[in-house]
Amino acid sequence: MDDEIRCLRERLVSLDAERRAIELKLEKLEASRSIPVSLPSAPADTPTRGLVTAESLVAEKVALFRRLFAGRPDVFAVRWENPKTGRSGYAPACANEWVKGVCDKPRVKCGDCAHRSFLLFTDEVIESHLRGRRGVRGGDGTFVVGVYPMLPDETCRFLAIDFDDENWSVDARAVIETASAKGIPAALERSRSGSGAHVWIFFSEPIAAAT
């Protein structure tokens, strides 16, 4: 049974990679198509084609998230927080987490556990993250996921730069200004704590992680 589960997971990873390759090819083909000189005008309340807004379908929002924050499809992380100590972090989402007689946390780390069974990064998980509601882990707390950017072929689809030292605001602004001068679209985000920032750069195609 374990071999069959592993084979099915590997097949899902392969299918997801093929799906992303097809989506990328479609995007390139659509972008290269000749655009008609004149198009019929759409009603004023109709969102621009291809633009995801608050009125867009859930599937369109999920697809946008998956396209931008493209990570490993076979595993994802869930944010945890200890209300007693104030500590927080991210841990791989596992089907066997806290299962009595199977999970040995915290004595055994997830990466060293022989019983780990990572959950797939599905559209349902992404929707739960976007809604901030209860997800695969259960419980009533806020549901926040994290992706693993390095893909199985050691490429990545985005870069996130974290600034949290004393001069974080100056450094983050310098990166944004430099990226703008080089014609590289970059997005600035304030950290959850308020004392830091992230700069996001999204790639139009997979880039070698070493690069």
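Tabulated data
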read-out	value
Sites TRP80 and SER180 - FRET efficiency at Förster radius 30 Å, r taken between beta-carbons, to 0.05	0.25
Only Lys, Arg (+1) and Asp, Glu (-1) charged, at Cβ; region 108-211 dipole about Cα centre in debye	360
Mean separation of Cα contacts under 8 Å, 6 or more apart, over the residue count of region 52-211: relative contact order %	21
Vicinal HN-Hα couplings computed from phi for region 55-61 (Karplus, 6.51 cos²θ - 1.76 cosθ + 1.60; Hz; Gly/Pro x)	8, 5, 5, 4, 4, 5, 5
Shape of region 148-211, Cα gyration tensor, a/c cut at 1.5	oblate
Loop-resident sites, region 65-172, for GluC sites (Glu not before Pro), counting at most 15 other Cβ within 10 Å (DSSP)	GLU154, GLU166
Cα convex hull volume per residue for region 91-211 (Å³)	161
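Any read-out appearing in this document is the output of simple, stated calculations on the displayed coordinates, not a laboratory observation. Keep in mind that this is a model prediction, so the values were computed, not measured. As a convention, Cβ positions derive from the backbone with ideal geometry for all residues, glycine included, and neighbour counts pool all protein chains shown.
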